[in-house]
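Below is one structure, written out as structure tokens; comments come after it.
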Amino acid sequence: MQMADRLSDAEWVARQAESRRDEIARHIDAIQNSTVFRLTRPLVKGKMVVDSLRERVGRRERADAANRNVPCVPSPAPVDVIVPVYRGLGDTRCCIESVLSSPVRTAFRLVLINDCSPEPEVSAYLRTLPTRDARVLLLENEQNLGFVGTVNRGMALDGARDVLLLNSDAEVANDWLDRIRAAAYSASRVSSVTPLSNNATICSYPKFCADNEVPEGWTTASLDQLCAQINPEERVDVPTGVGFCMYIRRDCLADVGLFDVENFGKGYGEENDFCVRAAKRGWRHLLMLDTFVRHAGGVSFGEAKTPREHSSGRLAGSAGHYPFPRRRDGAPRAGARRSARGQAQQLCPAAHAERCHRVDLAPAWRSLQACLQSASRF
């Protein structure tokens, strides 16, 4: 009897559970057949798809962030230090001698390219160098190619080597190349590295986007040594490198291509255009705070620098990277050229310094300034 009662109780529980399931099923059917559900169902499905995509993107971003600052193995090939030369014997000699006399461990080849210098003494000096030092390779353009065409010739020499573009009016010191190369391989997607300088737009010290004099009593070597002591391995991301002294990794060149000689043939703005193209492909650009390279400025272009500076926005605006919005008949829409020029001018740090000043260099500059002031008291 007790066994029968227990069975009947179990049957009752089972029937109750089945009844509840049927009730829930009828309730779900009623919801699914309702007007509100039919109207909102696409939104719910859409939200599920968006949530799934967000999760996938989030996982990828977390993985990218984890790998962003992972150092990579440097290329075993020597570095090509490319110096285009046009005029200015004194500055050119200072630049070349500083490169050849620097105590660096990094193997390099100094590629000097004479871009049809109008000064015979410059050409004569350059032709003496290959016999003096086996690290020197001298190339002479048959016709003036301008800065961009000349450096493109240098960068295309060896498809396995990283390059460092160096203006002929720059001066380096100490183990400058070792530190720059280490920064270039401090993370997997570093495209370019630029050091601090007295005259390098967004990389200028101590006044931002200004031509600064080297402090009295200091040399390029002593100021570089101070930077290395105060800011060891300090680097910040910047929107663009600056071509006076700019290290570029070969894997980035292979991915992005050379400078745009068609739109920036004579120079100024070409490195900004290159950096924007590289950034669109996921590459980064670093400013090193532990290395200082002096830059006289304007030797290659002379009085023509300022017109080139102002026209760089026009040149970039006409390049294919910044197409004008057009009407159906193919003509640019009203205001399109002004809009494109505005985009292009953002590439020029000197023209729009306030946009680039988002990089927080103040702590590093204050440290250097304090050391300079302290040293001046003795």
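FYI, it's all coordinate maths here, none of it is from the lab. Computed from a prediction, not measured in an experiment: that's the story for all the values here. Here the Cβ is made from the backbone with ideal geometry for all residues, glycine too, and neighbour counts use every protein chain on show.
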Tell me which aspartates and glutamates have Cα within less than 12 Å of Lys280's Cα, excluding those fewer than 8 residues away on the same chain? Asp255
Share (percent) of C-alpha pair distances in the range 181-255 greater than 14 Å works out to 66
In terms of Cα to Cα distance under 19 Å, which aspartates and glutamates are near enough to Lys45, apart from those fewer than 8 places away along the same chain? Asp29, Glu55
One point scatterer per Cα, no solvent, Debye formula: log10 I(q)/I(0) for the range 79-169 at q = 0.22 Å⁻¹ comes out as -1.13
Of the convex hull enclosing the alpha-carbon atoms of the range 138-182, the direction-averaged projected area in nm² is 4.2
Diffing the range 203-213: the Karplus 3J(HN,Hα) column from phi (6.51, -1.76, 1.60, θ = phi - 60°), in whole Hz with x for Gly and Pro, holds 9, 7, 9, x, 8, 5, 6, 9, 8, 9, 7
What whole number of Å gives the distance from the Cα centroid of the range 164-214 to the Cα centroid of the range 230-256? 8
Could you give the spread of the C-alpha atoms of the range 111-254 along their three principal axes, from largest to smallest, in whole angstroms? 44, 39, 28
Two-site FRET efficiency, Asp237 against Thr128, from Cβ-Cβ distance with R₀ of 25 Å, rounded to 0.05: 0.05
Taking θ = phi - 60°, what integer Hz values does the Karplus form 6.51 cos²θ - 1.76 cosθ + 1.60 yield along the range 153-160, in sequence order, with x for Gly and Pro? 4, x, 5, 8, 5, 9, x, 10
